[in-house]
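The values are calculated or read from the model by the stated rules, or taken from the named source; none is laboratory data. These numbers were taken from a predicted model, which means no experiment stands behind them. Glycine also receives a Cβ, built like all others from the backbone with ideal geometry; neighbour counts cover every protein chain displayed. Side chains are part of the model used for accessible areas, which takes the heavy atoms of the whole protein and leaves out ligands, DNA and RNA. Shrake-Rupley method; radii C 1.70, N 1.55, O 1.52, S 1.80 Å.
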Amino acid sequence: ATDLSADEARRLALRAQGFLGAPDRRSGVRGVLRHLGAVQLDTISVLARSHELIPYARLGAVGRRTVEDAYWTDAHAFEYWSHAACILPIEEWPHFAFRRRAYRNRPHWNHHLPDGAYDQVIKQLRTEGPLTATDLGGAKRTSEWWDWSGTKVAVERALMYGEVVCVERRGWKRVYDLAERAVPAALLHDELDDTECLRRLVRLAGRSLGVGTRADIADYHRL
């Protein structure tokens, strides 16, 4: 066992999160994403949205366009459910197979999926994609926050299953495309078993936190 003082633990955590030491400006925003393993998306915006502030806080004055391009161009990243809705490095796609399987095996959902809606969404994306939920026919039935349309329910279900990927955010709307187009072929598989997936994500979480309790490490990707 290793004993750490509070100051040593604090320094380990700050260094692991990229707040101590010289910033790696050459690898830029993409380097920050890889280093952290996940960048949470959040609708709250005061100075800027949280996913824009994360590289800004570590690299200095990075333009908003630079941040968005770093996340969303060249099939570098994808959005998925990690700690919450997060931007994740594309090479971690195989390691979320455990979660895609769990969603596919889920016995019940909060939203009803109308008959035929899922197949229609996949067909439309194959023909016309990438598209937002609005492009697909509308995201809401009413103005209520969670009162999703059948189309929105279908495309979000496809996202959870891994058949569809969020390839960017446009005006805060998800832009969906088929995984077979958006994810590099070498990464597009669910071959890793749950244990291997979890081992990888625990290791990434430990590296990104520097120091933490077992619960902290589990919560990093909500394991």
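Projecting the Cα atoms of Val121, Ser50, Val155 onto the dipole axis of the chain, where Lys and Arg carry +1 and Asp and Glu carry -1 at the beta carbon, places Ser50 farthest toward the positive end. Loop-located GluC sites (Glu not before Pro) in the stretch 123-223 (DSSP state other than H, G, I, E, B) with a sparse environment of at most 10 neighbouring Cβ atoms within 10 Å: Glu144, Glu191. The candidate values are [x] 32, 21, 16; [y] 29, 23, 18; [z] 39, 20, 17; the one derived from this structure for semi-axes √(5λ) of the Cα gyration tensor in Å carries the label [x]. Could you work out how far the C-alpha centroid of the stretch 91-127 sits from that of the stretch 1-75, in angstrom? Distance between centres, Cα-based: 30 Å.
Charge dipole of the stretch 113-221 (Cα centre as origin; +1 on each Lys and Arg Cβ, -1 on each Asp and Glu Cβ, all else neutral): 420 debye, rounded to the nearest 20. Once the chymotrypsin sites (Phe, Trp or Tyr not before Pro) in DSSP loops with at most 10 neighbouring Cβ atoms within 10 Å are cut out of the chain, the longest remaining piece is 1-144. Rolling a 1.4 angstrom probe over the stretch 65-223 with all protein chains present gives an accessible area of which 52% lies on carbon and sulfur atoms.
Probing with 1.4 Å while keeping every protein chain in the model, the per residue accessible area of the chain equals 55 Å².
Suppose every Lys and Arg Cβ carries +1 and every Asp and Glu Cβ carries -1, with no other charges. What dipole size does the chain come out with about its Cα centre, to the nearest 20 debye?
Its charge dipole is roughly 380 debye.
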